[in-house]
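The values are calculated or read from the model by the stated rules, or taken from the named source; none is laboratory data. Just so you know, these numbers come straight off a predicted model, no measurement behind them. Here Cβ is always computed from backbone atoms with ideal geometry, including for glycine, and neighbour counts include all displayed protein chains.
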Amino acid sequence: MDAKHGQRELIAAIQRGDHKAMEAFYHRYARAMFNTAYRITGDYHYAEDVVQEAFIKAFAHMKNFRGDAEPGAWLKRIVINESLQWLRKFRRFETDREPPENSTPPDDDDDDMFADRALHQALARALLRLRTNYRTVLSLHYIEGYDLQETAQIMGISYGNVRTMLTRAKQQLKKLMENERTTH
């Protein structure tokens, strides 16, 4: 049985209300979805809440899933939308915030791409120190892989604002990384 056929069977079982299939789907995607929510919200507990809400919505709307997209991509879009709704609800797009003392980002699925784990952790800490809108635009564009137009649509801002924000976010991230190197 190929992976695509296996996914279709899993989705069909979820659409029939099979709770074991729902659990398997959750376990297949939960970690990656949590990492996405965490990168956007910047808060461990809120990311957990976002992921829970996203899975609830996904299961509630699974009957409408036609298979036009991969289930993981479809779910990731729900997680991103839930994360952005959370940010809007708490008006956190424009606020500066410091991560909690000794804040350690969760392990990411992409850890293997970093030969230097210390560099990966420094980058993750620096991302958490960015303004929320900067962290969000960097995450959507560079980590989630959306182009600038898609990022603008997702964030509900203009293409020009995304370009400006992305430039400023990269500059700020560079400064934070330089500070990380001098303090550690």
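Among the numbered criteria (1) surrounded by fewer than 17 Cβ atoms within 10 Å (Cβ to Cβ); (2) of a type in the set (G, A, S); (3) farther than 18 Å from E70 by Cβ, which one does A24 miss?
Failing condition for A24: (3).
For segment 28-46, give me each residue that is in a helix (DSSP H, G or I), small (G, A, S) and touching a residue at least 40 places away in the same chain (Cβ under 8 Å). Explain how you work it out, then say what you get.
Step one: of segment 28-46, the residues in a helix (DSSP H, G or I) are 28-41, 44-46.
Still in the list and also small (G, A, S): 30, 32, 37.
Within segment 28-46, A32, A37 qualify.
Scan segment 27-43 for residues that are closer than 16 Å to A126 by Cβ and either over 8 Å from the mean Cα position of the chain (by Cα) or not assigned by TED's automatic domain parsing to the domain that holds W86 (or both) and jot them down.
G42
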